[in-house]
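Chemist: One structure is given below, represented as structure tokens, and several questions about it will come after.
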Amino acid sequence: MEKFGKQGEKTGWTYVDIPLDIAEKLNPSNRKSFRVKGFLDKLEISGIALLPMGEGNFIMPLKTELRRQLKKSHGDELHLRIELDKEEYQLNTDFVECLAEDAVAAKNFYALLRSHQNYYSKYIDAAKTESTKAKRISQVLHAMANKMDYGEMLRYARERK
């Protein structure tokens, strides 16, 4: 496991380097982000994104929660058994139900690229409590109704605190 020093938006990220030859076996001739499933040591994973780094290499970012489950940090060795995850990410069901009640927000949300829709949904999924989840659903609905991008949504929420 490695950690970026100063690397733009990736500064401080902990990750695993996925060399070109392995990336080619997982998803041949692909140069865009894709998801994998399998095992990190004995921990089962799915829907984890590999991000392109140029020259055909990829990285697998390892979020804090995942590192805690693994009880590992940068510099530690990690055994990977991964394969391409072909299952499509499912949007948060509570959020989808709320969208059904707000035609304007739904229209704006479904006009976004699927990858952007997923980003908002994953923001909701990352909530650790039901109250935080409800708050995030409300934030995203408000953002969609007002055609806000992700950054605008977060700034608006911060200003209201």
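Chemist: Quick check on my filter: what residues within segment 68-96 are in a loop (DSSP other than H, G, I, E, B), under 23 Å from Lys133 (Cβ atoms) and in contact with a Leu (Cβ under 9 Å, 6 or more places away or on another chain)?
Modeler: Residue satisfying the conditions is Leu91 alone.
Chemist: Of all residues in segment 1-24, how many are surrounded by 11 or more Cβ atoms within 10 Å (Cβ to Cβ) and either basic (Lys, Arg) or in a strand (DSSP E or B) (or both)?
Modeler: 8
Chemist: Kindly evaluate Leu43 against the criterion of being touching a strand residue (DSSP E or B) at 6+ places or on another chain (Cβ under 8 Å) and more than 27 Å from Met148 (Cα to Cα).
Modeler: No.
Chemist: Kindly provide the set of residues from segment 74-125 that are within 22 Å of Pro19 (Cβ to Cβ), surrounded by 11 or more Cβ atoms within 10 Å (Cβ to Cβ) and either without any contact (Cβ under 8 Å) to a residue 60 or more places away in the chain or among the hydroxyl-bearing types (Ser, Thr, Tyr) (or both), ordered by number.
Modeler: Residues satisfying the conditions are Arg81, Ile82, Glu83, Leu84, Asp85.
Chemist: Determine which member of the set Lys147, Lys133 is of a type in the set (Lys, Arg), assigned to a loop (DSSP other than H, G, I, E, B), outside the structural domain of Ala49 (by TED's automatic domain parsing) and surrounded by 11 or more Cβ atoms within 10 Å (Cβ to Cβ).
Modeler: None of the other options fit; the residue is Lys147.
Chemist: Taking the options Asn108, Asn118, name whichever one is at pLDDT 95 or above, closer than 21 Å to Leu154 by Cβ, not in a loop (DSSP other than H, G, I, E, B) and not small (Gly, Ala, Ser).
Modeler: The conditions single out Asn108.
Chemist: Residues in segment 34-67 that are free of Cβ contacts under 8 Å to residues at least 24 places away in the same chain, farther than 18 Å from Asp85 by Cα and assigned to a loop (DSSP other than H, G, I, E, B): how many?
Modeler: Within segment 34-67, residues that are free of Cβ contacts under 8 Å to residues at least 24 places away in the same chain, farther than 18 Å from Asp85 by Cα and assigned to a loop (DSSP other than H, G, I, E, B) number 1.
Chemist: Filter segment 27-77 down to residues that are at positive phi and not small (Gly, Ala, Ser), then give me how many there are.
Modeler: Number satisfying all stated conditions: 3.
The values are calculated or read from the model by the stated rules, or taken from the named source; none is laboratory data. Everything quoted here is computed from the prediction, not taken from an experiment. Cβ coordinates were reconstructed from backbone atoms using ideal geometry, including for glycine residues, and neighbour counts include every protein chain displayed.
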